[in-house]
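The values are calculated or read from the model by the stated rules, or taken from the named source; none is laboratory data. What you see is a predicted model, and the numbers here were worked out from it, not measured in a lab. Ideal geometry is used to build each Cβ from the backbone, glycine not excepted, and the neighbour counts take in all protein chains shown.
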């Protein structure tokens, strides 16, 4: 067996070395270490480097954030730009909802989600070709990132009830690859189309691509499809007209990035065979914990205050997510949307330009040690790290991998502690979150923890965390590009075999300001429809001529 590298001490020695190093750099305030045995969770903020009495100095702001959150949970308009309530916390405790109508809708939908999954499991809801074997989720943003994270985290080694696949983009090659993975199982594939408005272009395109694939196989798409969308949306109308299998609601008081505990996330999870009651319980109990008025017993408030301190309340440092567990590999990707779409705002609630936000990235440990930890330790100190530790290594028997009897899990644990120590030696701050194991309960806890931390931080800096005007701006710009593309193709069709440069065509169309778009559109046309569009090289690519073929 290979010998253990000299640089990696056994876990008990690692702890001693780290304790010695930490005491030299930061005052190790034990009150910054929170443990919650009933939840199987702990949060360690001792390496954040809080100034002395920082938490007490921030008590007024923390109390205001707690009060704002209480108003939000009571049904106040917490998204003023869109005039909406924000109710994702009600999803795991419907008794908190501000009206019986909303409470009943949550309870009824959850019951129907379970019934649908049970019917699929029993085979009473099946395809015309037999029981469903696969699940294709068509959605983007919060309609895909949450289900993907949960699916990866909770996937069963014995195989999920349905094998999950995703159309989460409008990339045709990606769509083709996913269809190739489904293969002959398309005939027994259940499709969830998820879009609140029903008009999201990427989701609409994915639906049309799926319909085309089903039709090519002689399959009736409507007998495989379920819609998750707003009541009476475009998608809901299509589902009704074509008599799809079912429909589950999305409500305007639940944003996409906080919809994992709504039908958006619960239905895919239930169909894969995951215990959604346990997931909801974990989220609910974390919600209850993070309502605490005691900051030092409220991990979500401590997270928000740590972010505020470490980023100067202005997002001056990036957040690096380092989960030491393969199952949590997609957690950073999920948090990118939750945090960056919520906190990345140009203006505060008073309309002043503040350009808020915190950049988030990460992968998994110890893979990250062989990627970007080199820069984290020795490069620009423009980040803080969040380590996520999972105590339980695996379900099966441990296998010794060296002469000292260490296991792969011992090494992973050593790499976690060693990396944290290596960063600390260079005065790089970190937070550590620890869960006992990855299961539906702990995943629900993590989701709820970060949802509330985002809400608290938004209150601390005075922004609306629940809208996304920047996303809408991108959608509007994309629509303009598509309109220009139509103008370009129409002109080329009307002037066959007439070579023209991008600059000349922009002038002819009266779109000089869109010259760069036109050049990229012409380039795209030649790459994707070479039988119709041709390119004539010139002295410089930007001066190349384009035309339709005879």
Original post:
Which condition breaks for residue 215 when tested against (1) over 29 Å from residue 72 (Cβ atoms); (2) buried (at least 17 other Cβ atoms within 10 Å of the Cβ)?
Top reply: (2)
**OP:** Provide a single number: the residues in the range 460-493 that are at negative phi and outside any helix (DSSP H, G or I).
**Re:** 6
Subject >> Checklist (1) modelled with pLDDT of 95 or more; (2) within 30 Å of residue 420 (Cα to Cα); (3) not assigned by TED's automatic domain parsing to the domain that holds residue 311 applied to residue 97, failing item >> reply: (2)
Original post:
Which of (1) at pLDDT below 95; (2) farther than 24 Å from residue 128 by Cα does residue 160 not meet, given it meets every other one?
Top reply: (2)
**OP:** Hey, could you check the range 245-297 for residues that are free of Cβ contacts under 8 Å to residues at least 40 places away in the same chain and in a loop (DSSP other than H, G, I, E, B) and say which is surrounded by the fewest Cβ atoms within 10 Å (Cβ to Cβ)?
**Re:** 294
Original post:
Can you name the number of the only condition in (1) without any contact (Cβ under 8 Å) to a residue 60 or more places away in the chain; (2) surrounded by fewer than 21 Cβ atoms within 10 Å (Cβ to Cβ); (3) in a helix (DSSP H, G or I) that residue 423 fails?
Top reply: (2)
Original post:
Somewhere in the range 314-324, is a residue modelled with pLDDT of 95 or more and in a helix (DSSP H, G or I)?
Top reply: no
Original post:
Any residue in the range 184-204 that is over 25 Å from residue 273 (Cα atoms), over 23 Å from the mean Cα position of the chain (by Cα) and in a helix (DSSP H, G or I)?
Top reply: no
Original post:
Looking only at the range 74-98, which residues are assigned to a loop (DSSP other than H, G, I, E, B) and either touching a residue at least 24 places away in the same chain (Cβ under 8 Å) or in contact with a helix residue (DSSP H, G or I) (Cβ under 9 Å, 6 or more places away or on another chain) (or both)?
Top reply: 74, 75, 76, 80, 81, 82, 86, 87, 93, 97, 98
**OP:** Examine the range 188-195 for a residue that is under 23 Å from residue 107 (Cα atoms), assigned by TED's automatic domain parsing to the domain that holds residue 134 and free of Cβ contacts under 8 Å to residues at least 60 places away in the same chain, and state whether such a residue exists.
**Re:** yes
